[in-house]
Amino acid sequence: GSRKPSRRVSPLPAVPAAVPAALADKRKRAVAMVAAAPLVWVVLNAVLPSGLPLGVVLQGVVLGSLTGLSALGLVLVYRSSRIINFAQAALGSAASFLAVQLFLVKGWNYYVALGVGLVVAAVIGALCDRLVVQRLFWAPRLILTVATIGLAQILAALQFAVPSIVGSGGGFGGLQGSFRTPLALKFTFEGLVFTGAHVMILVTVPIVLALFAFFLRNSAVGVGIRATSSNAERAMLLGIPVRRLSTLVWALAGALSALAAMLSAPLVGQGGEIAGGPALLLPALAAAVIARMESLPGAVFAGIGVGVFQQAVFWNTSRSSYVDVFLLVAVLIALLLQRHQLTRAADANTAGWNTADEMPPVPKEIRHLPEIIWGRRLLLAGVIAAAIALPYQLSPSQISLLGTVTVIYGLVAVSLVVLSGWAGQISLGQFAIAGVGAVVAGDLVAKTGADLLIAMLAGMGAGMLTAVAIGIPALRIRGLFLGVTTLAFAVPLSTFFLNPANFPEAIPTQVDRPLVLERFDLYNEKTLYWFCLTVLALALVLVHGIRHSRTGRAMIAVRDNERAAAARGLSPTKIKLAAFAVSGALAGLAGSMHVIALDGVRAGTY
């Protein structure tokens with residue numbers, strides 16, 4: 001009677017007969033791709049204007065392997081949590097910069113500093129999981145994905161604190177040039193110079209990947225991670241500690257991010273782009289998408305391919321901004337070719353990519369109580385009073401920053417409510433759409449002397465057309481993959497198309513503030529604030545009317561259950577495009593006011 005009963009775990013079901021065949025097909029495709037690589041190189045070397053020397057290919061393999069490490073972290077987190085971790089590049093930023101500072105300022109051994117950076121990054125990743133991811137574990141995936149964007153900003157702030165912690169008292173410049181690996185090598189291959197930093201990457205990355213693969217395939221923890229990535233709820237029912245494994249996954253993602261950053265520091269510097277912004281994340285994101293967000297080896301090989309692709313474009317154009325344009329094309333092609341795989345995943349997780357349910361109305365039993373009625377009125381009166389009193393309490397520069405720009409940002413947020421909140425479509429390029437409206441409106445005002453109100457209408461039209469063009473892939477690409485598409489659109493629009501260096505005649509770098517209705521001078525910051533606030537109020541009235549119209553109810557119906565809405569006679573295609581059109585018009589309107597507030601468009605504004 002004192003003997004404890006043995007704990008038995010139900011055996012895993014037998015592997016279906018189709019699974020080994022599918023794995024064999026994947027291996028055959030991988031072998032075919034590797035075998036086709038030399039033929040692709042021969043063709044590209046003959047077709048490209050400057051050719052494709054083997055030295056450029058090797059350099060692409062070196063840098064692409066680091067992209068593969070970041071893509072591996074993205075896929076690992078996605079398989080564990082079904083989210084895109086936009087903090088992937090930032091997870092290891094502070095830890096890698098700490099390792100650089102310890103090596104240069106404190107004189108630590110290179111390998112010791114590298115190890116400390118990996119441990120710190122793993123701890124940061126684990127803390128991110130425990131403090132943020134675990135609290136939103138069952139929340140909609142869209143909300144958790146947006147939370148990772150906030151994580152990226154917080155982790156960027158940690159990077160600023162590293163110099164004071166180490167005691168260097170310096171910033172980010174001047175130190176990275178002295179960071180060198182212990183391998184004192186230097187050789188030339190096909191006209192390109194390679195150093196010990198390149199060799200360190202070529203040696204370290206394969207070893208790390210081999211250890212990583214062995215860990216996932218042969219350890220109990222690795223098997224648990226793979227089981228969790230397949231079906232978290234079923235793994236939990238089988239007794240697998242899903243939450244603890246999630247913490248381990250985030251720790252591994254942080255270590256991979258730090259390793260990629262530390263190995264690249266001798267080549268590209270450390271701390272140049274804070275928080276690993278979208279432009280830095282896009283190559284790894286493209287590689288992960290090409291790997292269908294499922295295959296870990298595929299993510300690594302895709303990262304190497306993206307690295308070779310980047311170096312080939314840069315070698316033949318000498319302009320890094322072209323790389324973002326071609327990455328957009330590559331992402332679109334990869335997603336559209338994988339439609340049949342993505343659709344099943346999207347259908348299985350449609351609800352997870354909607355926001356939380358809308359706030360229910362006040363019950364009719366208490367709707368007419370005086371405290372409810374006057375509570376609403378007082379709240380509305382307080383908001384209006386604060387908006388009216390704001391310009392009288394601030395200086396002109398503070399009015400511009402805290403008043404006018406905030407109101408314009410609020411209009412962009414309203415456009416996101418229409419698109420993401422009502423229609424359930426993800427957009428990570430909303431400010432790029434605002435940039436298109438800004439350029440169109442700014443050109444009309446600065447170059448043709450058009451009335452500002454007409455220019456704003458043109459900016460709305462340009463934003464609407466741009467958003468509809470972005471929304472067309474939404475008819476075939478869903479969920480987080482649509483977010484990847486919009487981000488891939490936003491990055492080249494910012495770095496290439498809206499860059500005055502590339503299109504000096506089309507980008508209005510200087511826009512004088514006009515008179516509105518030949519009476520209101522927008523050079524007065526209070527007048528500009530009142531003008532923008534009036535436009536925001538009119539937009540809110542318009543959006544409120546749309547929400548309570550048939551179009552608004554149709555957006556909600558398609559968001560909640562697209563197939564049921566279609567069965568009731570609604571056209572999901574038309575409704576989605578209508579949501580993109582309304583959202584794009586509002587973003588274009590915000591951009592047309594923003595270009596007036598900034599007196600022109602600068603590089604990187606959008």
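The values are calculated or read from the model by the stated rules, or taken from the named source; none is laboratory data. These figures come from a predicted structure and were not determined experimentally. Every residue, glycine among them, receives a Cβ derived from its backbone with ideal geometry; neighbour counts consider all protein chains shown. Surface accessibility is based on the protein's heavy atoms, side chains included, excluding ligands, DNA and RNA. Shrake-Rupley method; radii C 1.70, N 1.55, O 1.52, S 1.80 Å.
Only Cα pairs under 8 Å and at least 6 apart count here; give the relative contact order of the chain as a rounded whole percent. Please report the intermediate quantities before stating the final value.
Details: 874 pairs, mean separation 110.5, N = 606.
Over the chain, the number comes to 18 percent.
Need one number for the chain: average projected area of the convex hull over its C-alpha atoms, nm². Each step should come with its number before you reach the end.
Numbers: hull surface 147.8 nm².
One quarter of the hull surface, i.e. the mean projection, equals 36.9 nm².
Heavy atoms only, 1.4 Å probe, whole protein assembly: order I83, I373 by accessible area, highest first. It would help to have the intermediate numbers written out before the result.
On the way: I83 0, I373 55 Å².
Descending order: I373, I83.
At a Förster radius of 25 Å, what calculated FRET efficiency corresponds to the Cβ-Cβ distance of Q134 and R476, to the nearest 0.05? Write down the numbers at each step before the final one.
Values: r = 34 Å, r/R0 = 1.36.
Rounded to the nearest 0.05, the efficiency is 0.15.
Which of the three applies to region 362-473, rounded, prolate or oblate, going by the alpha-carbon gyration tensor with a ≥ b ≥ c and a/c under 1.5 meaning rounded?
It comes out oblate by the Cα gyration axes.
May I ask you to derive the relative contact order of region 37-185, considering only C-alpha pairs under 8 Å and at least 6 residues apart, and to give it as an integer percent? Write down the numbers at each step before the final one.
Numbers: 104 pairs, mean separation 40.2, N = 149.
Normalised by residue count, the contact order of region 37-185 is 27 percent.
Dipole of the chain, Cα-centred, from +1 at each Lys and Arg C-beta and -1 at each Asp and Glu C-beta, to the nearest 20 debye?
2440 debye
Using a Förster distance of 41 Å, how high is the FRET efficiency between E365 and A413, based on the Cβ-Cβ distance and rounded to 0.05?
On the way: r = 33 Å, r/R0 = 0.81.
So, using R0 = 41 Å, E works out to roughly 0.80.
Spin-label point model (7 Å from Cα, Cβ direction): what's the L211 to L538 distance in nm?
Placing both labels 7 Å along Cα→Cβ, they lie 6.3 nm apart.
What FRET efficiency, computed as 1/(1 + (r/R0)^6) with R0 = 35 Å and r the Cβ-Cβ distance, is obtained for F326 and T195, rounded to the nearest 0.05? Provide the component values of the computation, followed by the final result.
Details: r = 27 Å, r/R0 = 0.78.
Efficiency computed from Cβ-Cβ geometry: 0.80.
Expressed as an acute angle from 0 to 90° and rounded to the nearest 10, what is the orientation of the C-alpha long axis of helix 321-337 relative to the principal long axis of the chain?
The two axes meet at around 80 degrees.
From the helices alone, meaning DSSP H stretches of at least four residues, give me the mean residue ellipticity at 222 nm for the chain, per-run term -39500 (n - 2.57), in deg cm²/dmol to the nearest 500. Walk me through the intermediate numbers first.
Numbers: 23 runs with 400 residues, N = 606.
Calculated mean residue ellipticity at 222 nm is -22000 deg cm²/dmol.
Can you give the net charge of the other residues whose Cβ lies under 14 Å from the Cβ of F212, counting K and R as +1 and D and E as -1? Walk me through the numbers before you get to the answer.
Details: positive: R79, R217, R226; negative: none.
Once all neighbours under 14 Å are counted, the net charge is +3.
Suppose each label sits 7 Å from its Cα in the direction of the beta carbon; what would the R377-R226 distance come out to in nanometres?
6.7 nm
Rounded, prolate or oblate: which one fits region 428-569, using the alpha carbon gyration tensor with axes a ≥ b ≥ c (rounded when a/c is under 1.5, else prolate when a/b beats b/c, else oblate)? Walk me through the numbers before you get to the answer.
Values: a/c = 2.93, a/b = 1.45, b/c = 2.02.
Oblate is the answer for region 428-569, as a/c is 1.5 or above yet b/c matches or exceeds a/b.
Using only Cα atoms, locate the centre of region 98-163 and the centre of region 286-335, then give the distance between them in Å, rounded to an integer.
25 Å
Just check region 40-155 against the gyration tensor rule for me: Cα atoms, a ≥ b ≥ c as the square roots of the eigenvalues, rounded for a/c under 1.5, and otherwise prolate or oblate depending on whether a/b exceeds b/c. Could you put the intermediate results ahead of the total?
Working: a/c = 3.18, a/b = 1.34, b/c = 2.37.
Note, shape of region 40-155 comes out oblate.
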